[in-house]
1. For the range 36-58, which positions are surrounded by 14 or more Cβ atoms within 10 Å (Cβ to Cβ) and over 18 Å from residue 69 (Cβ atoms)?
2. Looking at the range 1-15 only, could you name the residues that are over 11 Å from the mean Cα position of the chain (by Cα) and outside any helix (DSSP H, G or I)?
3. In the list 75, 101, which residue meets the criterion of being surrounded by 10 or more Cβ atoms within 10 Å (Cβ to Cβ) and within 15 Å of residue 23 (Cβ to Cβ)?
4. Taking the range 21-34, which residues are out of contact with any helix residue (DSSP H, G or I) (no Cβ under 7 Å at 6 or more places or on another chain), assigned to a loop (DSSP other than H, G, I, E, B) and either crowded, with 16+ Cβ neighbours inside 10 Å or touching a residue at least 24 places away in the same chain (Cβ under 8 Å) (or both)?
5. Which condition breaks for residue 93 when tested against (1) out of contact with any strand residue (DSSP E or B) (no Cβ under 8 Å at 6 or more places or on another chain); (2) more than 30 Å from residue 8 (Cα to Cα)?
């Protein structure tokens, strides 16, 4: 299992999300029946059928898939925005660090000049 999503992974997930049946999806379940459907509409045209486990497990799996469909786009956008913000912060920090280094170099040069001036007196 991957530990980090690469930009290519995110592109693939966005493509899969775009190509999937449009949201919102719903879970269609009946009390006392183990079979559960995931459907984009309530007229019973299923995208997925859960019938191989207990009713509770089928319902849990179906609700997970519906939630994943709903939140996948949100999570992908947030990942991209956070990565962009992290990059901005790193670049800003690098600029700040370079400014400090430049100031330190300038300070050292000024100290040399002052020392030389003091020694010359």
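Computed from the coordinates by the stated procedures, all read-outs in this text should not be read as laboratory data. Everything numeric in this text was worked out from a predicted model, so none of it was measured. Here Cβ is always computed from backbone atoms with ideal geometry, including for glycine, and neighbour counts include all displayed protein chains.
1. 55 - this is the single residue of the range 36-58 that is surrounded by 14 or more Cβ atoms within 10 Å (Cβ to Cβ) and over 18 Å from residue 69 (Cβ atoms).
2. Result: 1, 2, 3.
3. 75
4. 21
5. For residue 93, the exception is condition (2).
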